[in-house]
Amino acid sequence: KPTVTFDNVVFGYDPDRTILQGLSFEVPAGDNIAIVGPSGAGKSTIARLLFRFYDPWSGRILIDGQDIAQLQQATVRGAIGIVPQDSVLFNDTIGYNIAYGKADTDDRTVQAAARDAAILPFIEKLPQGFDTQVGERGLKLSGGEKQRVAIARTLVKNPPILMLDEATSALDSRTEQDILATLDRISRDRTTLSIAHRLSTIADADEILVLDQGKLAERGKHNQLLRKD
Ligand code: ADP
Ligand code: ADP
């Protein structure tokens, strides 16, 4: 399990507007660190930098001490599994959606990923199983089922690092609780960075960082931050 480090990261999209203002934090190997903060604070920007959509203006982002700017983009992305807020499914079979078009993904891997995402029993009850068409002209999945397919898709590559980017914020609260339990289980043996709007969805984080205008305003455990509310 790798350690993820942000070391004095400065970044903005436009030269005259700095978004992250010298941000430093560490996600220790196997821990689950959560970032909360108001809309516009820079949370998604952190995720985009870690996935190397952009490189920092200055400072470094390290995976196990290695500057990701020195690594191949594919190497970085291969190590990180993202579960986004609203996953896009292809108009194809449920199996293809989990394998994500990787022709070399064998059936056992797809099945194991579906099991870990707790969607396997649902798929096995479908008459066509993994060959069931989903999307516009096929089976319409609920928000929760869709998110479980997205989780399975992430697990197919068995990433040592997980990035949960408001992974449950599009769901109703009952479904959210179910998905949170699954996310908690799959993040247990991985280094995890969770991005969230609300403290209630990250109660199990090892540490919570409160981001405000691109700076760390506070950090602590869930109960410590709640006491200050
Ligand atoms: P959060 O995820 O905390 O809501 P973001 O990281 O998405 O915040 O955005 C931080 C700031 O950067 C916001 O002011 C936002 O408008 C700006 N921003 C985000 N993406 C872009 C972009 N592609 N180009 C210019 N500004 C952007
Ligand atoms: P997400 O996919 O996480 O919702 P977006 O990139 O769609 O992130 O937008 C995040 C925030 O950044 C939004 O508030 C949006 O208005 C702002 N934003 C996105 N692109 C730009 C841009 N080109 N210029 C300024 N702000 C932007």
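The values are calculated or read from the model by the stated rules, or taken from the named source; none is laboratory data. Note that the structure is a prediction, hence the values are computed from the model and not measured. With ideal geometry, Cβ positions are generated from the backbone for all residues, glycine too; neighbour counts draw on all protein chains shown. Each accessible area value is taken on the protein alone, full model and side chains, heavy atoms only, with ligands, DNA and RNA left out. Shrake-Rupley method; radii C 1.70, N 1.55, O 1.52, S 1.80 Å.
Name every residue in region 1-42 that is β-branched (V, I, T) and either away from ligand 1 (no atom under 16 Å from the Cβ) or over 22 Å from T192 (Cβ atoms) (or both), in order of residue number.
Residues satisfying the conditions are T3, V4, T5, V10, T18, I19, V27.
Taking region 185-229, which residues are exposed (fewer than 15 other Cβ atoms within 10 Å of the Cβ) and either hydrophobic (A, V, I, L, M, F, W, C) or closer than 19 Å to D86 by Cα (or both)?
Residues satisfying the conditions are R198, A203, A217, L226.
May I ask you to list pairs of residues, at least six apart or on different chains, whose Cβ atoms are under 6 Å apart, with the first in region 195-213 being closer than 11 Å to S169 by Cβ and the second being in a strand (DSSP E or B) and within 15 Å of ligand 1 (Cβ to nearest atom)?
Correct list of pairs: I195/I35; I195/D165; A196/A34; A196/V36.
Mind checking whether some residue in region 29-42 is farther than 30 Å from L180 by Cβ and more than 14 Å from the chain's Cα centre (by Cα)?
Among the residues of region 29-42, not one is farther than 30 Å from L180 by Cβ and more than 14 Å from the chain's Cα centre (by Cα), which makes the answer no.
For every residue, the table says whether it meets (1) modelled with pLDDT under 95; (2) open to solvent by 10 Å² or more (accessible area, probe 1.4 Å); (3) more than 13 Å from I186 (Cα to Cα).
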{"residue": "R115", "(1), (2), (3)": "no, yes, no"}
{"residue": "I119", "(1), (2), (3)": "no, no, yes"}
{"residue": "I123", "(1), (2), (3)": "no, no, yes"}
{"residue": "F130", "(1), (2), (3)": "no, yes, yes"}
{"residue": "G135", "(1), (2), (3)": "yes, yes, yes"}
{"residue": "G143", "(1), (2), (3)": "yes, yes, yes"}
{"residue": "R148", "(1), (2), (3)": "no, yes, no"}
{"residue": "I151", "(1), (2), (3)": "no, no, no"}
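Within region 172-197, restricting attention to residues that are more than 16 Å from ligand 2 (Cβ to nearest atom) and assigned to a loop (DSSP other than H, G, I, E, B), which residue is nearest to the chain's Cα centre (by Cα)?
Once the filter is applied, the top-ranked residue is R190.
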